[in-house]
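The structure appears right after this line, and notes come after that.
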Amino acid sequence: MADNNTPCARMFSFDNVIDDITGNGIFQILLVLFVSCISCPNCFTITASVFIGGMPDSRCRIEPYDNSTIFPNATNDQITKMFIPINELTKKPDRCLKYLYNVTCSDTQDPTCLFGNNDTNNVKTMVNCDAEYIFDRSLFQETIVTEWDLVCDKMTSSFASSSLFYLGVLFASLYGGFVSDRIGRMTVYRASTILALVVGVSISFSPNIQTYTALRLIMALVYFPCVVSGFVYVIEISPKRWRTLVGMVFNSIFGLGSMVFSLLAITWRDWRALQLAKTIIGFGPFVLLSWFIPESPRLQFAKNKWRQARRTCEMMAKRNKTVLSDDIWRKTEEHFAESEKKENKEGNSLKEIFSRPCSRFLIVSNMFVWMVTSLVYYGLLLNAGSLPGNLYFNNMMGGLMEFLACILGIVIVKRFGFTKCTSSSLYIASFACLLSTVCIQLGDGNEPFQTIGTVLAMVGRFGASMSFGVIYVHTVEMFPTVGRGTALGLSSMAARIGSIFSPFTVQLQLTIPWLTPTIFGVLAFLAACLAGTFPETKGKQLMMSFHDAEGNFSKHFHGKFVSRLCFLPTIRRLPKDSPSSKKLMKDEESSQS
């Protein structure tokens, strides 16, 4: 392959144009920071169920003894101790059961009057709740759970609502990347933020759980494309030397968003007020200011809109106090022309990714890694309410761990590269989850073990967060410009498959506490092994065509165990006259030019 420092290689890459127009870089820095801040409302929206769907401790309402007018001296602790059995798994008052009692008894101190023959040898008859529920209001003023009594037989409605939301994000990930490749990054970005503002405000007026679930599903479909297109945009307008930093900054803002969301949730403890506040604060500025953001010149160039791309580049150069070189632009056009002819024949980026064997293997493997990372990350995030300690503090610390994971990820990628960073972070998440299983089994209410379990949960979230931040950037750099949005959309879609199941992992822990972290640990280990086979992109130019990508992939996988295991047709393992060999040879020659 030609050296990346040769004139031929430099002039072929659009990175050369981006480097030329960067100048002092002030304008690009402002663009990157503004567009990246979409991660804040992304965090507010995607983790909303932590607070809006918060499930505080609850018990059956005991009539008439919970009526303070009739029994003004009856305290909550007295009623709970007398009428509510202890759950054997949680060691807390049961949410859904109560002791059968005589509702006409007026003497709460007389067990015979209250329970009659049901109190035999201190074994009382238990029955399901048949009225309303009493909730602990110390943490939340009102949530969808407390307003619509989403406990016991209605508990699944809350988890199903979250899963349907993630299902919507799944489809939005797929079509969002595809549409942004077709009509433009900023066109999708603007339309998505406007629709998100409208739907987000509508959610706060939901009259019931069915309407809330439907609007959350619509919200997922309309808002997530702006995240996909925004991330690709900041990578495409950045010089090669900035890309890792820019990608990690984009994802680190999600962690900051988690901390900000905790502050918003403390301020507005009623879910309707919180939903309205986070929507206006989150999406409002982008609706107003995104119209001043130019389209990605790299995408314009890749889509044959060379005049528009040049005008955009000249405008960016002017804002950066520099001038676009006519010589660099002309030579970039000349050297891209041949590849452009090939791309005209390729057409559909989705078809091209799956029609080429090495690209197909890489995108499928990448989707698996994304799916596992998402399952582990959202499983740990949504389980924050089950951890010992204050929910607001735990969520804020989790956000801090995410932010630190992204910052540390920048250092590790710079030193060791994307592949080793992704793989090692998943190993950390895997071992943290498996060790937490041991703590769960040995803890059984023991405070030191509970503390260790909380720390391990934070470590697991740290590892999953680092993997998420790094794999985002790695995915964008692995695939060519004409299919970059599609590749990111497919990978995000796979991540949502993991997130769809994550709400039910919280519910699963109520019956089999050790099973969820074990599943997380085993899957994270497998994903770590697979991520270790990905091609390294640190310091390399972004590829423009599928011909470039397939040629590079075939050389990377040649001679590796995974290529033999998966029968990848790398060029040196095929007969010279075979059609596949000729196609790969053509792709390799294209990548070398």
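The values are calculated or read from the model by the stated rules, or taken from the named source; none is laboratory data. Quick caveat, the model's predicted, so the values are computed rather than measured. So basically every Cβ, Gly included, is an ideal-geometry build from the backbone, and we count neighbours across all protein chains shown. Note: accessible area is taken over every heavy atom of the protein model, side chains too, but ligands, DNA and RNA are not part of it. Shrake-Rupley method; radii C 1.70, N 1.55, O 1.52, S 1.80 Å.
Yes or no: residue 132 touching a strand residue (DSSP E or B) at 6+ places or on another chain (Cβ under 9 Å) and either modelled with pLDDT of 85 or more or on the phi > 0 side of the Ramachandran plot (or both)? Considered against the rule, which asks whether it is touching a strand residue (DSSP E or B) at 6+ places or on another chain (Cβ under 9 Å) and either modelled with pLDDT of 85 or more or on the phi > 0 side of the Ramachandran plot (or both), residue 132 comes out as no.
Here the condition is being at pLDDT 65 or above, among the polar types (S, T, N, Q) and either over 21 Å from the mean Cα position of the chain (by Cα) or closer than 30 Å to residue 181 by Cβ (or both); of 537, 570, 516, it holds for 537 alone.
In the range 311-333, what residues are in contact with a helix residue (DSSP H, G or I) (Cβ under 6 Å, 6 or more places away or on another chain), of a type in the set (Val, Ile, Thr), surrounded by fewer than 19 Cβ atoms within 10 Å (Cβ to Cβ) and in contact (Cβ under 8 Å) with a residue 12 or more places away in the chain? Scanning the range 311-333 gives a single hit, 328. Pairs linking a residue in the range 286-310 that is farther than 21 Å from residue 22 by Cβ to a residue that is open to solvent by 30 Å² or more (accessible area, probe 1.4 Å) and among the hydrophobic types (A, V, I, L, M, F, W, C), with Cβ atoms under 6 Å and 6 or more positions apart or on different chains, are 287/194; 287/197. Any residue at all in the range 119-136 that's open to solvent by 60 Å² or more (accessible area, probe 1.4 Å) and within 24 Å of residue 392 (Cα to Cα)? Checked against the condition, which is being open to solvent by 60 Å² or more (accessible area, probe 1.4 Å) and within 24 Å of residue 392 (Cα to Cα), the range 119-136 yields at least one hit. Please verify whether the range 217-233 includes one or more residues that are assigned to a helix (DSSP H, G or I) and either of a type in the set (Asp, Glu) or free of Cβ contacts under 8 Å to residues at least 40 places away in the same chain (or both). For the range 217-233, residues assigned to a helix (DSSP H, G or I) and either of a type in the set (Asp, Glu) or free of Cβ contacts under 8 Å to residues at least 40 places away in the same chain (or both): absent. Contact map, the range 234-260: first residue within 23 Å of residue 391 (Cβ to Cβ), second residue not in a helix (DSSP H, G or I), Cβ cut-off under 7 Å, separation 6 or more or different chains; pairs are 253/37; 258/47. Against the test of being hydroxyl-bearing (Ser, Thr, Tyr) and open to solvent by less than 50 Å² (accessible area, probe 1.4 Å), the options 158, 106 yield a single qualifying residue, 158. So which helices (runs of 4 or more DSSP H) stay within the range 268-376 end to end and still have 2 or more residues that are closer than 23 Å to residue 169 by Cβ, at pLDDT 85 or above and touching a Leu at 6+ places or on another chain (Cβ under 7 Å)? Qualifying helices (runs of 4 or more DSSP H): 271-289. State whether the residues of the range 236-246 include one that is among the aliphatic types (A, V, I, L, M), open to solvent by less than 10 Å² (accessible area, probe 1.4 Å) and not in a helix (DSSP H, G or I). Scanning the range 236-246, I find at least one residue that is among the aliphatic types (A, V, I, L, M), open to solvent by less than 10 Å² (accessible area, probe 1.4 Å) and not in a helix (DSSP H, G or I), so the answer is yes.
Quick one: in the range 189-209, which of the residues that are surrounded by fewer than 19 Cβ atoms within 10 Å (Cβ to Cβ) and among the small types (Gly, Ala, Ser) is nearest to residue 35 (Cα to Cα)? My answer is 191.
For residue 472, the conditions (1) open to solvent by 10 Å² or more (accessible area, probe 1.4 Å); (2) closer than 21 Å to residue 549 by Cβ; (3) modelled with pLDDT of 80 or more are fulfilled apart from (3). Out of the residues in the range 146-180 that are closer than 29 Å to residue 232 by Cβ and of a type in the set (A, V, I, L, M), which is farthest from the chain's Cα centre (by Cα)? So the residue we want is 179.
Restricting attention to the range 260-298, the residues that are under 20 Å from residue 29 (Cβ atoms) and not acidic (Asp, Glu) total 11. Taking the range 161-188 as the range and being among the charged types (D, E, K, R) and buried (at least 18 other Cβ atoms within 10 Å of the Cβ) as the test, the residues that pass are 181, 185. Among the residues making up the range 19-31, those that are in contact (Cβ under 8 Å) with a residue 12 or more places away in the chain and open to solvent by 10 Å² or more (accessible area, probe 1.4 Å) are 19, 20, 23, 24, 26, 27.
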